[in-house]
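To start, the structure under review is shown below, and the notes come after it.
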Amino acid sequence: MECRIVTIPGDGIGPEIVREACKVLDKVAQTYGHSFHYQEVLMGGCSIDAYGVPLTEEALEAARRSDAVLLGAVGGNVGNSRWYDVAPDLRPEAGLLAIRKGLNLFANIRPAYLYKELAEACPLKKEIIGEGFDMVIMRELTGGLYFGERHTEEVDGILQATDTLTYNENEIRRIAVKAFDIAMKRRKRVISVDKANVLDSSRLWRKVVEEVAKDYPEVKLEHMLVDNCAMQLVMDPGQFDVVLTENMFGDILSDEASMITGSIGMLSSASLNESKFGMYEPSHGSAPDIAGKGLANPIATILSAAMMLRYSFDLDKEADAVESAVQKVLTEGYRTPDIMSEGCEKVDTARMGDLIAERI
Ligand code: IPM
Ligand code: MG
């Protein structure tokens, strides 16, 4: 199979983790007889440095023409005035939001799975971890507070800022359908998370999700308020299969879910549109403090590349091979510093990539 992949290394640790993911993809190509053609484009702070904007029209167009996008991370220290002393729509993160919107990537899938080898790194007590957990957070990615009208004004000499949270029924329906489709391939349970005791957008969310659920009689649907969900994630994570939620709640809950897997460096993600096209990126940020030191964990990006093989290219066997290679290196006791525990061998970013690639 021939695939055109746009890579966006981005900022901070982005380039080093994307390099390792490409190393693993190259090994997949070689082993299974595929050709992956890469085109690298800039986004985030590096694009601001080169072109004055976090995402150029050309970069977006290149992504649009590709079969899939592999992204590292964007952004720097907010104290870095070079990138942050400008209007919000010119900052690195604005590039990320623009590419999500520009490619209509409304469905963000973030799996949170506890490897038994990493149980030590999980901050929860053993009795709470129980048999472990394996959930998928399905986060709506192109609506809600992130994309609603916003402004800051002065009213009677007092500064006032407004952000708007809007969803229409179609936006809710399409993400709900994705969540139920995924649930059908898993344990057939959807927990839809909202704040229906307060927000109109959540009440509409609930109504539309219930309508969609009628088409999936085998899937058990439950609703959960977002504050309760935040609590349940650390009280009984094993109860979750597919968590369906809006943009902002999903942002917060996915960080929480990632932390209980032991390290945010393990969490992959896929952002999909209506077709097979997707952008794949680790759930973590650019970690500028550790950039260039070989300390970054490339596993989240490598697992994101596996999601790309599965969701955009239908290469299930190859995706399985990547996931089991990751499992193998963990079982054999290799660890990057963020997941290091006693008796294991500490390795740097590039070595972790080598070890995984060798096992494919
Ligand atoms: C994420 C990140 C982004 C988000 C930031 C960098 C804008 O936190 O992908 O979760 O809030 O969506
Ligand atoms: Mg986030």
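Values in this text are rule-based calculations from the coordinates and carry no lab data. What you see is a predicted model, and the numbers here were worked out from it, not measured in a lab. In this analysis, Cβ positions are derived from the backbone assuming ideal geometry, glycine residues included, and neighbour counts consider all displayed protein chains.
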Give the Debye-formula value of log10 I(q)/I(0) at each listed q (0.23 Å⁻¹), with one equal scatterer per alpha carbon of segment 198-291, two decimals each. -1.36
If Rh is defined by the Kirkwood formula over all Cα pairs and Rg also comes from Cα, what ratio Rg/Rh do you get for segment 122-165? 1.38
Among Phe313, Thr245, Thr7, the residue whose Cα sits farthest towards the positive end of the charge dipole of the chain (+1 at Cβ of Lys and Arg, -1 at Cβ of Asp and Glu, taken about the Cα centre) is Phe313
Output ³J(HN,Hα) for segment 3-11: one whole-Hz value per residue in order, computed from phi by the Karplus curve 6.51 cos²θ - 1.76 cosθ + 1.60 with θ = phi - 60°, and x for Gly and Pro. 10, 9, 10, 8, 9, 10, x, x, 10
Relative to the present Cα-Cα distance, how much length would full extension add between Val177 and Arg189 at 0.36 nm per residue of separation? 3.0 nm
According to the Kirkwood expression over distinct Cα-Cα pairs, how big is the hydrodynamic radius of segment 256-329, in Å? 13.1
For segment 273-333, state which trypsin sites (Lys or Arg not before Pro) are in a DSSP loop and have at most 13 other beta carbons lying within 10 Å of their beta carbon. Lys276, Lys293
Shape box of segment 142-219 [Cα atoms, principal axes, largest first, Å]: 57, 23, 19
Considering only Cα-Cα distances, which of the following residue pairs are longer than 19 Å: Lys27/Lys346; Lys185/Lys317; Lys185/Lys220; Lys178/Lys207; Lys126/Lys185? Lys27/Lys346; Lys126/Lys185
Stokes-Einstein translational diffusion, segment 51-132 - Kirkwood Rh over all Cα pairs, 1.567 mPa s, 4 °C, in µm²/s: 81
Taking just the alpha-carbon atoms of segment 193-251, what radius of gyration and Dmax come out, in angstrom? 11.8, 31
Relative contact order for segment 188-299: what percent, with Cα pairs under 8 Å and sequence separation of 6 or more? 25
Under a point spin-label approximation (7 Å from Cα along Cα-to-Cβ), what is the Asp320-Glu149 distance to one decimal in nm? 5.2
Can you give me the C-alpha center-to-center distance between segment 24-100 and segment 284-360, rounded to a whole angstrom? 21
Geometric extent, Cα atoms of segment 15-71 - Rg, Dmax (angstrom): 13.3, 41
Report ³J(HN,Hα) in whole Hz for each residue of segment 306-321, in order, from the Karplus equation J = 6.51 cos²θ - 1.76 cosθ + 1.60 where θ = phi - 60°; Gly and Pro get x. 5, 5, 4, 4, 6, 7, 8, 10, 6, 9, 5, 4, 5, 5, 4, 4
Assigning unit charges at the beta carbon (Lys, Arg +1; Asp, Glu -1) and nothing else, what dipole magnitude in debye, to the nearest 20, does the chain show about its Cα centre? 840
Please work out the Kirkwood hydrodynamic radius for the chain, using every pair of different C-alpha atoms, and report it in angstroms with one decimal place. 21.0
Over segment 290-348, calculate the relative contact order: mean separation of alpha carbon pairs under 8 Å at least 6 apart, over the residue count, as a percent. 33
Output the antiparallel fraction of DSSP beta bridges having both residues in the chain, as a percent to the nearest 5. 40
Suppose each label sits 7 Å from its Cα in the direction of the beta carbon; what would the Arg82-Leu199 distance come out to in nanometres? 3.6
Helical contribution to [θ] at 222 nm, DSSP H n ≥ 4, -39,500 (n - 2.57), averaged over the chain, rounded to 500: -12500 deg cm²/dmol
Rounded to two decimals, the Debye log10 I(q)/I(0) of segment 217-262 (Cα scatterers, no solvent) at q = 0.18, 0.21, 0.23 Å⁻¹ is -0.54, -0.73, -0.86
Of all the C-alpha pairs in segment 230-360, what % are more than 23 Å from each other? 38
Once you have the alpha carbon radius of gyration of segment 311-357, what is it after dividing by 2.2 N^0.38 Å, with N set to its residue count? 1.30
How high is the relative contact order of the chain, in percent, counting Cα pairs under 8 Å that sit 6 or more residues apart? 22
Taking N as its residue count, the alpha carbon Rg of segment 91-170 over 2.2 N^0.38 Å: 1.67
Normalise the Debye intensity by I(0) for segment 1-155, one equal point scatterer per Cα, no solvent, then take log10 at q = 0.20 Å⁻¹ and round to two decimals. -1.26
